[in-house]
């Protein structure tokens, strides 16, 4: 747990409401009591964020259904290109969704999702983030006899066409991670509003590991033939740790996570 | 009195007082320049890690050039107004250092240890065409990424907390002076590091301290030095043309007991890509991880494995065991394909350039095709089932080497050319499609064939599936999910089975058309299997500490002299790829001017020394060295006498190389000089008993 700090992306009024205008954070005996202290308008925004997170999760899941268009894509151009076409479609859809989500959340919840905020980082925490990333990459590489996962996934004996497909998979994962982290950040903000407390619980991280990660894992296992789904699931633990260490900073978490994901 | 005291002060105290007066102390300097100090440490660590993963050493013996580059970056930062811009500069410099190192480490790892030299820039397009996987060094990427992440994070967080930089005019003037000093030092280092190069006398190479690895100047330092050398110090002075002329015609090749054994024969030379003896031979001692290991796992006895191998490679065994075949058992190659190819066709190769690109249209009258064309009217043709423009062969083979035509995969009827899907063309298909052009029945021919199927990478290939099935049926090298090395060997040997099929097509065709009796066929491996470290794995040799290190570069050479009864001799003396050209000429009974020939006939009593253009190393079977002061490997049975003999041979070789450099740079044989060469060659061959002096007299007459 980390000490709750005012989130610059959430209107100041919500903090005032949560603390009852006091400079000290209130201590509630019960979550339900704490929740009752939150003004209804703030609750509405928080529920809006939770809905947005749920929709994001659904979009992530449903996007996999596009893969069933494979026969149609094959008609356009058979071979590895149809796979690349799939990833291009996904890329376009996800980009459109991210823009739409940003606009909707801004309107409905009065919060800007991707506005960079200055993280409350100390050098110790920054070193912690690097350590988490380094340990994750080290363990993953060690499991491949000290070869980078990137090198294994890119494959030996591949041509430029297959290499492009493999690179496209990384972009696909990067998009997934963007949406997954966005959902986690929304959950974190919503739950911090709904359950104000001296120490904020790692709602976003729990969501990242227990919902997003698990769902991804199951989908990967059942629907796609991407490599190492279990390893990618374990990576969500590292993403969650980074999310906490960066004080829920979306951008820092995202780029660190992408580095872990690729390497 | 006061003046006197001041005068008596030691220099150290004076300096201290000067800094005190100007308000600069070591502490404030370090605090103000924290970003710079951290940059120096970070870049040194990144560079040393790069050296460690390539040369195995965590130091540089000549770091000065690299240090001037670091110093230059530091001094440039002093001209910037604040820590933000300095931080950005250092981060960019670190990333540039990291990227450069990474590129050259990948090149080093994927080529079996090639250190960058300027001429390699000519090969960049070819290199991109064959890139299939990039062997990123985990250690280098991990350590460097960690260092950059730490520098980036801590630098970012502290840049606002450290005292403002000293931007006073006095500081700027000092910095400007230091910058000039560093640039001057850099210039002097570049000059004195390269001025020793003398195109007329390469003997310095035998005494140089450079190890031919990155542990001398570092990766970035070497890159910078090579750019300087390539741009300003690589000019070859043609020198005294009369001396060059006399040198070329001074000596002729000796006769041997096999001279003329294949006189008037057709010639077929097959450069077999990455071909090694362990493709088809069982040898538990030399190849502990080859067929012997797979057999041990299954408790198979040696004889049953050999019997199975004869079923998988019937044509290679047919060639190897033939009574007419001379096997060069102790032959070596330490070069890349293009160099081995040229060396087997022209018998020499200049230093510092890749001739396919640097001299693609030079006149080379002493190339085998040109000699056969001008002396006997024989037409020569070259075939390769790879890409037409690769290594610039489409121009170089015709214009410089003298082939009448060059046929590549684009010109062949290769219906399943699936290179786009990770496949290599099948040699057997090339032989099948081109056999009538390769081995014409209506005239004498000289055919050169470069194969490709055994080229790395060694991964599953759909067009080799029938061979996997044959191997599996006999239990040879089964697929092992947990052993990448063993699988690479399996895929490699399956590719070898296609070479076997190709050889079978050729042998059958020659026999069916009555050509087998008068055709000299040479089969040789251009280099070891450095892709994916297959050679290291099979031979269990990973560094020069191994007692049999040079074994790593032992490759097959087999010469089938028609259908003669020679008793399948195995030549045990040291031979190398340089000896192929003089050996073919020896068998054909052609005498040439030996100063243009680095090697000697395999049947002569002399032995050659191999100089590797690609790896900058000299070698024989007993020694592997960069210079006489840097012997990397020496066999236990090599004594002082042997070393003296090698030094003599290497000196002679370097003298030849320096002359060949001049010949190429000047395109010496262009025009009348080529005519003179042919005339003298004919004269020498018309009177084979002529001594060198007689040849000289005849030339003068």
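Need one value for A:133-140: mean number of C-beta atoms belonging to other chains within 10 Å of its residues' C-beta atoms.
Counting other chains' Cβ atoms within 10 Å and averaging over A:133-140 gives 2.
For the range B:109-268, what does the alpha-carbon gyration tensor say about shape, rounded, prolate or oblate, given a ≥ b ≥ c as the root eigenvalues, a/c under 1.5 as rounded, and a/b over b/c as prolate?
On the way: a/c = 3.83, a/b = 1.81, b/c = 2.12.
Oblate, since a/c reaches 1.5 and b/c is not below a/b.
As a test, work out the antiparallel percent of DSSP beta bridges whose residues both lie in the protein assembly as shown, rounded to the nearest 5. Could the numbers behind the result be given before it?
Details: 21 of 46 bridges.
Roughly 45 percent of the beta bridges in the protein assembly as shown run antiparallel, per DSSP.
Distance between Cα centroids, the range B:27-84 to the range B:617-675: provide it in whole Å.
39 Å
Distance between Cα centroids, the range B:440-506 to the range B:549-597: provide it in whole Å.
Centre-to-centre (Cα) distance: 25 Å.
How far apart, in nm, are two points set 7 Å out from the Cα along the Cα-to-Cβ line at residue A:164 and at residue A:143?
Here the answer is 3.1 nm between the modelled labels.
So if we plug the beta-carbon distance of residue B:76 and residue B:263 into 1/(1 + (r/R0)^6) with R0 = 45 Å, what FRET efficiency do we get, rounded to 0.05?
On the way: r = 69 Å, r/R0 = 1.54.
For R0 = 45 Å, the calculated efficiency reads 0.05.
Could you line up A:43, A:149, B:217 from fewest to most neighbouring Cβ atoms inside 10 Å?
A:43, A:149, B:217
Extension gain residue B:460-residue B:485, at 0.36 nm per residue separation less the Cα-Cα distance, in nm?
Length gained, residue B:460 through residue B:485: 7.7 nm.
For residue B:161 and residue B:508 in the same chain, what is the full-extension length gain: residue separation times 0.36 nm, less their Cα-Cα distance, in nm?
Numbers: separation 347, 0.36 × 347 = 124.92 nm, distance 8.15 nm.
Full-extension gain reported as 116.8 nm.
Show me B:655-661, B:493-499, B:318-324 ranked by packing, highest mean number of other Cβ atoms within 10 Å first.
Peptide ranking by packing, descending: B:493-499, B:655-661, B:318-324.
Between the helical axis of B:337-346 and the dominant principal axis of chain B, each derived from Cα atoms, what acute angle in degrees is found, rounded to the nearest 10?
50 degrees
Please label the shape of the protein assembly as shown as rounded, prolate or oblate, based on the square roots a ≥ b ≥ c of the eigenvalues of the alpha-carbon gyration tensor (a/c under 1.5 means rounded; beyond that, a/b larger than b/c means prolate, else oblate).
Values: a/c = 2.77, a/b = 1.58, b/c = 1.76.
Oblate, since a/c reaches 1.5 and b/c is not below a/b.
Specify whether the C-alpha gyration tensor of chain B places it in the rounded, prolate or oblate class, a ≥ b ≥ c being the square roots of the eigenvalues: rounded for a/c under 1.5, otherwise prolate if a/b is larger than b/c and oblate if not. Let's see the in-between values first.
On the way: a/c = 2.40, a/b = 1.64, b/c = 1.47.
Prolate shape, in that a/c is at least 1.5 and a/b is the bigger ratio.
Taking R0 as 25 Å, what's the FRET efficiency between residue B:121 and residue B:183 from their Cβ-Cβ distance, rounded to 0.05?
Efficiency at R0 = 25 Å is approximately 0.55.
Please compute, for peptide B:153-164, the average count of beta-carbon atoms on other protein chains lying within 10 Å of each residue's beta-carbon. Present the calculation step by step, with values, prior to reporting the outcome.
On the way: counts 8, 4, 0, 2, 5, 1, 0, 0, 0, 0, 0, 0.
Mean inter-chain Cβ contacts per residue within 10 Å come to 2.
Can you compute the label reach from residue B:284? Point 7 Å from Cα along the Cβ direction, backbone N cut-off under 19 Å, restricted to the range B:532-562.
Only B:538-541 pass the distance filter.
Could you work out the relative contact order of chain B, using alpha carbon pairs under 8 angstrom and six or more residues apart, expressed as a whole percent?
20 percent
Tell me what the protein assembly as shown gives for mean residue ellipticity at 222 nm when only DSSP H runs of n ≥ 4 count, each as -39,500 (n - 2.57), the sum divided by the residue total, rounded to 500 deg cm²/dmol.
So the calculated ellipticity at 222 nm is -17000 deg cm²/dmol.
Which order, highest average first, do B:240-248, B:567-575, B:138-146 follow once you tally other Cβ atoms within 10 Å for each residue and take the mean per peptide? List each step's numbers first, then the result.
Details: B:240-248: 14.4, B:567-575: 16.2, B:138-146: 19.9.
Sorting B:240-248, B:567-575, B:138-146 by mean packing, highest first, produces B:138-146, B:567-575, B:240-248.
In peptide B:144-152, what is the residue-averaged number of other protein chain Cβ atoms found within 10 Å of each Cβ?
So the per-residue partner count for this stretch is 3.
FYI, it's all coordinate maths here, none of it is from the lab. Everything numeric here is computed off the predicted structure, so don't read it as measured data. We place every Cβ from the backbone using ideal geometry, glycine too, and count neighbours over all the protein chains shown.
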